[in-house]
Structure formats: structure tokens, C-alpha cells
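Everything below concerns the one structure shown next.
The values are calculated or read from the model by the stated rules, or taken from the named source; none is laboratory data. Quick caveat: nothing in here was measured; it's all calculated off a predicted structure. Cβ atoms come from the backbone with ideal geometry, glycine included; neighbour counts cover every protein chain shown. Accessible surface areas use protein heavy atoms only, side chains included; no ligands, DNA or RNA. Shrake-Rupley method; radii C 1.70, N 1.55, O 1.52, S 1.80 Å.
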Amino acid sequence: EKKKKLDAPSKPELATSLSTEHPFYKEVDEVVSNHLRRLLTEVKEPKEDWMCIVDQGDLKVFKRELEENGVPLDPMKAVCTVKGITGHEVCHYFWAFDTRMEWEATLEASRVVEWLSDDTFISNNIIKRVWPASQRDACFWSHMRHISKSNDEGPDSWIVVNYSCEHDDCPPTKYVRITMNVALICETIIEPPADGNITRDNISCKITYTADVNPGGWAPASVLRAVYKREYPKFLRRFTSFVEEKTQGKGIMF
Ligand code: 16C
């Protein structure tokens, strides 16, 4: 464990946001824009092909069943509202690498492969093995962005995208490589208090989480679907409680 930490690339002096000249910029920008467009059109034209598989009131998980050559690719979507934290705080902790292992229960290990800028890095996640399938890993960039508003009235939003990529320092040799396109989009809702002094009691965060994951090879569909149904709500509860703990009693990060 110690050795792994020593080998990890230290964060160099970096640009505050991914430069438009960076080789990854085009892909990052396109993927982020697609998520935002998808979210906006779904709100306007709700589609009925999403099946609700978990309904706990404040937390709902939906999926669409999709298979390719017997491999389940079910797109997942979850919505969740949490009081007392902002979208910026939720996105910050979902993105931050140094605290990932504190809330990620499905990982055996995680390491930074390369820092691209202050808001973008590439990492390698080794996922815990699920019997009887082979162990998986993933290599992906993580990017966090504030969404600029078209008007002052709308809620403040942030987005984090985790998107699979290839990297010379992370070849897919040891495990079955999964690929994914994951987005966490958060809106902060503020109920302005009469005295104008905003506290954590006046804020809540609406989270939309989407995950398109390709398990990258044979995986028994029934086991995978059961694992997803159990793990996605568990992740959202565990992760949002983690953000609540981390921010409790601290200044609000708007
Ligand atoms: O988004 C999440 N975490 C991010 C930061 O780490 C990142 C990771 C996303 C990957 C999520 C999908 C992993 C799918 C693995 C497929 C394994 C196939 C095994 C075959 C089974 C028959 O964006 C939060 C992710 C929330 C976790 C969702 C469910 C993942 C199940 C993983 C299985 C490990 C279970 C271990 C049980 C102790």
C-alpha cells in the first residue's frame, strides 16, 4: 500500500482548467456537452423506457435493459435529493482522488495515472472481484466543471464526468478492462431565509447520476443485474453520507 503511494505521480504545477489546446480537451468537452444536452432533453421529453428498480422516496434508481452478444450493458440512472450540502460539495468529493477510497466500497485499489490539469486527471480503478466472473479494472479521466447559467434565476449546477480512455502507463493486461461513461450532475436549491442568512438548513442538492458501463467481456447477466441493483443505491447513500460528514460544521462551499 505504501509502495503504491510512493510510485503515484505527484501533482505537478498545472493549469487551473484543462486548456483548449490539450490533446484531451476536444473529447472532454464533447462528452460533457452530451451529458448536459441529454439531461435537458430528458427533462423536457421524459421517456418511458426507463424501469424504476429502486424507489426509496428521496432516492430512485432506473435502468434500461440492453444486451450485446449476451453481455448486459444496462444504462443506469439515479436521482437523489440530499439536504444540507451543495452541488459543488457533492461534485468536489465525487471528483477528488485523495478521498475516493473512503467512500468507494467496490474498489480494491485506485491510483492516479496522470494529472492533466487542476480539474482533470486519469486514474486506474481496480474493482473487487465478483464471483464467478474475472476481476475487472478501469482507466478513465475525471473532469469537474461548473455549469454556467443562461440566467440568474436558475439553480447553480456542477458536473463530474468519469470517462474511459487509454493510457500507455495503464495497459489492460492484468484484468478484464471495463469501459464506462459516468456523470454526476448536481443542482443546489436554496430556500432563502427571511433574515437573508443562508445556513445548511436552507440548502439541498438534487443529484442526477448516470452510468453506462460495459463490463468488457462475459459476465453472468443475472448476477451482474443483482449486483447493480444492490450496489448503486448503496453507493449513493454511502457517498452522500460521506459528503455530509466531511462538510458538517464547515463553511458552505457554494
Ligand atoms: O461512479 C462510481 N464510482 C466512480 C469512482 O470510482 C467511477 C466508477 C464507476 C464504475 C462502476 C461500474 C463497475 C462495474 C463493474 C462490473 C463488474 C463486473 C463483475 C461481474 C459480476 C458478475 O465512476 C460509483 C460506482 C457505484 C458502483 C456501482 C456498482 C458496481 C458493481 C461493482 C462490483 C463490485 C462489487 C463488490 C461487492 C463488495
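Given a Förster distance of 35 angstrom, what is the FRET efficiency for Ser17 paired with Asp58, based on the Cβ-Cβ distance and rounded to 0.05?
In this case the efficiency is close to 0.60.
Rounded to two decimals, what is the ratio between the C-alpha radius of gyration of the chain and 2.2 N^0.38 Å? Walk me through the intermediate numbers first.
Details: Rg = 18.6 Å, N = 254, 2.2 N^0.38 = 18.0 Å.
Normalised Rg, Cα atoms only: 1.03.
Heads up, I need the accessible area for Thr41: 1.4 angstrom probe, whole protein in place, Å², nearest 10.
The accessible area of Thr41 comes to roughly 70 Å².
Quote the relative contact order of the chain in percent (integer), defining contacts as alpha-carbon pairs under 8 Å separated by 6+ residues.
23 percent.
Which residues' amide hydrogens lie under 5 Å from the amide hydrogen of Ile189, considering only partners 5 or more residues apart or on another chain, with H built in the peptide plane?
Close amide H contacts, sequence-distant or interchain: Ser204, Cys205, Lys206.
Label Glu65 and Ser10 with points 7 Å out from Cα along Cα→Cβ: what is the distance between them in nm?
Simple spin-label model gives 5.3 nm for this pair.
Report, to the nearest whole %, how much of the accessible area of segment 19-156 belongs to carbon and sulfur atoms, 1.4 Å probe, protein only.
Numbers: 3690 of 7280 Å².
Within segment 19-156, the accessible surface is 51 percent carbon and sulfur.
Let's see if you can work this out: charge +1 on each Lys and Arg Cβ, -1 on each Asp and Glu Cβ, no other charges. What is the dipole magnitude of the chain about its Cα centre, in debye to the nearest 20?
That gives the chain a dipole magnitude of about 940 debye.
Could you report segment 9-122's accessible area per residue, 1.4 Å probe, as an integer in Å²?
55 Å²
For the full complex of protein chains and a 1.4 angstrom probe, list His146, His167, His35, His92 by accessible area with the highest value first.
His146, His92, His167, His35
Computing the accessible area with a 1.4 Å probe over protein heavy atoms, can you report the carbon and sulfur percentage for segment 195-254?
It is 53 percent, rounded to a whole number.
Within 10 Å of each candidate Cβ there may be at most 13 other Cβ atoms; applying that plus a DSSP loop requirement, which GluC sites (Glu not before Pro) in segment 11-82 survive?
Here the sparse-neighbourhood loop sites are Glu13, Glu21, Glu48, Glu65.
Where in segment 148-254 are there trypsin sites (Lys or Arg not before Pro) that are in a DSSP coil and have at most 13 other Cβ atoms within 10 angstrom of their Cβ?
Lys149, Lys174, Lys250
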